[in-house]
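The values are calculated or read from the model by the stated rules, or taken from the named source; none is laboratory data. Given the structure is predicted, the values throughout are model-derived calculations rather than measurements. Virtual Cβ from ideal backbone geometry, glycine too; neighbours counted across all protein chains shown.
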Amino acid sequence: ETDVDCGGGLCDGCLDGEMCAAGTDCEGGGCEGGLCVSCVDGVLNQDESDIDCGGVTCLGCVTGDLCGVATDCTSAICSMGTCNAPGCGDGVVNGVETDLDCGGGSCLGCSTGLMCVLPRDCEDGVCTGGTCTAPTCADGVFNGIETDIDCGGSSACGRCMDGRLCPNGPSDCISPLCTSGRCGDVRGHLVMIGHDYFATTPSADQVLGNAVLLAPETGILDVVIYDQYADRGATGEVVHVEEAITREMTAASRTVRFTRLTDSSMLAAVLTSAMDVFIIAEQESGGSAPFPTIATAWESTLRGFLGAGGVIITTNFADDGWQLVDRPMLVEIGSMVTGSGTLSVLPAASTHPLAVGVTPYTGPNGTRAYGAVMVGGAISITPIIANTSGHTVVWAALF
């Protein structure tokens, strides 16, 4: 057995979250990091009715997800192949519905021609004059048969710009390239910041915000923060990182959504293709952390994330945490030296996206500079910000 009364060659398969050694130990057939993960793998598989929900093994699907039978839905209401909310299938306009069994934020969106108050009341996200209207190529909404907002697909809309989704391949794009589901030659970025965010400055915030905005996503930015050995207190590093990013995204009129990763063994299950940015926050209790072991286990997952256009950011304090990206398939860091003093953008990097809006600022206590950085699995590495001694505190690697 790999867990209590399950797994191995004789017992039934284990459920999600239980221990396993191989996929055959799991009822759902997926084993990641020693845990069964079929219902959290971001893939429509087994007997699921929608991704990671429905069927016999996984939890029920929420409103709007696909279903085949009522038991696929948490609400036990499967209406025309889609899960609906409780009270939304009774054939009466009631509750907060804006039309018959639709709208109001709880039920499914209403179809074209039905009544609405807000865009969310409509299945296509467009409410004009109190009526749900058909999708157009200029409504600013990802709807209809578009592959991204107002572009792509077999619709009459124009082709999509670089960075937009292209599930059908290059035919969705202006560019002749569709790389890992994104138009253009989408590249991943690894940004190493040699200071923490326990106490921040506007320019330090700007560097972090610029790094997040390297992600090709044009809608909501999904950010995963690894905090297993970080300060998770109310005034600690992780909260300050989230606050700094939120400030910068608000200034850029962008929306961000955070997910915390507290167990290193769950990286593959959490860092799916739906995520845009992975942040390794300064790991202040890292003295006892098995960083080399974690780094080895993470290497292929992080490389795959970068290869699909993802962004990885590390923050650092007194040598804690950078070891998690010090791998041959990522970058190889030769040494760490003191990086204190005034930090400024290097002249050669003045036009780099990370340098936008960054003015000289004082490196926080514990700032470290990265020395003898080698390309590893990257295409190139670029020094961005250095202290007055010429030691590079912020590096950017392109994948």
Open item on the list: Just to verify a result, which residue in the stretch 223-266, among those that are charged (D, E, K, R) and not in a helix (DSSP H, G or I), is nearest to Ser285 (Cα to Cα)?
Closed with: Asp231
Task: Tabulated pairs, the stretch 1-18, first under 13 Å from Leu35 (Cβ atoms), second β-branched (Val, Ile, Thr), C-beta under 7 angstrom, 6+ apart or interchain - done: Cys14/Thr2; Asp16/Val37; Asp16/Val40
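If a residue must be part of a loop (DSSP other than H, G, I, E, B), of a type outside the set (Gly, Ala, Ser) and at pLDDT below 90, how many such residues does the stretch 146-165 contain?
Counting residues in the stretch 146-165 that are part of a loop (DSSP other than H, G, I, E, B), of a type outside the set (Gly, Ala, Ser) and at pLDDT below 90 gives 4.
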Open item on the list: Can you find, within the stretch 99-146, the residue that is surrounded by the most Cβ atoms within 10 Å (Cβ to Cβ) among those that are out of contact with any Cys (no Cβ under 6 Å at 6 or more places or on another chain) and of a type in the set (S, T, N, Q)?
Closed with: Asn143
Task: In the stretch 244-264, the residues that are surrounded by fewer than 16 Cβ atoms within 10 Å (Cβ to Cβ) and more than 17 Å from the chain's Cα centre (by Cα) - done: Thr250, Ala251, Ala252, Ser253
Open item on the list: Looking only at residues that are surrounded by fewer than 17 Cβ atoms within 10 Å (Cβ to Cβ) and at pLDDT below 85 in the stretch 13-32, which one is farthest from the chain's Cα centre (by Cα)?
Closed with: Thr24
Open item on the list: Of the conditions (1) assigned to a loop (DSSP other than H, G, I, E, B); (2) touching a residue at least 40 places away in the same chain (Cβ under 8 Å), Pro176 satisfies every one except a single condition; which number is it?
Closed with: (2)
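Condition check ((1) surrounded by 13 or more Cβ atoms within 10 Å (Cβ to Cβ); (2) modelled with pLDDT of 95 or more) across all residues:
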residue	(1), (2)
Ile333	yes, no
Met336	yes, no
Leu346	yes, yes
Thr359	no, yes
Asn365	no, no
Val373	yes, no
Ser380	no, no
Ile385	yes, yes
Val393	yes, yes
- [ ] Identify the residue in the stretch 179-198 that is more than 21 Å from Thr382 (Cβ to Cβ) and in a strand (DSSP E or B) and, among all such residues, is farthest from the chain's Cα centre (by Cα).
- [x] Cys183
Task: Lone unmet requirement of (1) in a helix (DSSP H, G or I); (2) among the small types (Gly, Ala, Ser); (3) at pLDDT below 95 for Gly219 - done: (1)
Open item on the list: Suppose we filter Ala269, Ala281 for residues that are under 19 Å from Gly233 (Cα atoms) and of a type outside the set (S, T, N, Q); which single one remains?
Closed with: Ala281
Open item on the list: Any residue at all in the stretch 185-207 that's among the basic types (Lys, Arg) and surrounded by 24 or more Cβ atoms within 10 Å (Cβ to Cβ)?
Closed with: no
Open item on the list: Test of understanding: among Ala268, Ala252, which residue is under 19 Å from Val311 (Cβ atoms) and either out of contact with any Leu (no Cβ under 8 Å at 6 or more places or on another chain) or among the acidic types (Asp, Glu) (or both)?
Closed with: Ala268
